[in-house]
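Participant: I have a structure here, written as structure tokens, and I will follow up with some questions on it.
Every number in this text was worked out from the coordinates using simple rules, so none of it is lab data. Note that the coordinates shown come from a computational prediction; the quantities given were computed from them, not determined experimentally. Here the Cβ positions follow ideal geometry from the backbone for every residue, glycine too, while neighbour counts run over all protein chains shown.
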Amino acid sequence: MSTIIDKSIALEKAGGDAGLAKELFGMLLKSLPELQQRLNQAIQSDKQAFLEAAHKMYGATAYCGVPQLREFAKALEDAIKDGSDDEMLADLLNAVNHAVETLQKEGPDYIKQDWAA
């Protein structure tokens, strides 16, 4: 399974700019509670709202070096599009939630680190 935080991916996506990579990661951390809440509420809503929330979570991971969350968010988005059953969607949502919770727990320590390559 992918690691929860990969600074090398974040640095690559930020063109080697450690300050930008750290800033983008910090922005993701700040947005996670709202994104997670929206996603968890949307599963009880209509399919389109759930798809939009999953897509937003997936998009938020694009430049932040969080491969596990990115992988799970993409899998959830694809499963919604494919019309997967409720049990599969719930399992994928649980995986996303677990990745988010791990990021929220470990992320602040990563922000304090030196991100220079």
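Participant: Give, rounded to the nearest 20 debye, the magnitude of the charge dipole that the range 17-111 has about its Cα centre when Lys and Arg contribute +1 at Cβ and Asp and Glu contribute -1 at Cβ.
Facilitator: Details: 9 positive and 16 negative charges, 67 e Å.
Magnitude of the dipole: close to 320 debye.
Participant: If you don't mind, there's one more thing I want to ask. So what is the 222 nm mean residue ellipticity for the chain from helices alone, if each DSSP H run of at least 4 adds -39500 (n - 2.57) and you divide by all residues, rounding to the nearest 500 deg cm²/dmol?
Facilitator: On the way: 5 runs with 88 residues, N = 117.
Computed ellipticity for the chain at 222 nm equals -25500 deg cm²/dmol.
Participant: If the viscosity is 1.002 mPa s and the temperature 20 °C, what Stokes-Einstein diffusion coefficient in µm²/s follows for the chain when Rh is the Kirkwood radius over Cα pairs?
Facilitator: Details: Rh = 14.3 Å.
Translational diffusion coefficient: 150 µm²/s.
Participant: Can you give me the angle between helix 18-42 and the longest principal axis of the chain, using Cα atoms only, in degrees from 0 to 90, rounded to the nearest 10?
Facilitator: 20
Participant: Mind checking which lysines have their C-alpha under 28 Å from LYS105, skipping anything on the same chain fewer than 8 residues away?
Facilitator: Hits, sequence-local ones excluded: LYS7, LYS13, LYS22, LYS30, LYS56, LYS74.
Participant: Something else about it: Out of the range 23-117, which GluC sites (Glu not before Pro) are coil in DSSP terms and have no more than 14 other C-beta atoms within 10 Å?
Facilitator: Working: sites: GLU23, GLU34, GLU52, GLU71, GLU77, GLU87, GLU101, GLU106; in loops: none.
For GluC sites (Glu not before Pro) across the range 23-117 that sit outside H, G, I, E and B with at most 14 neighbouring Cβ atoms in 10 Å, the list is empty.
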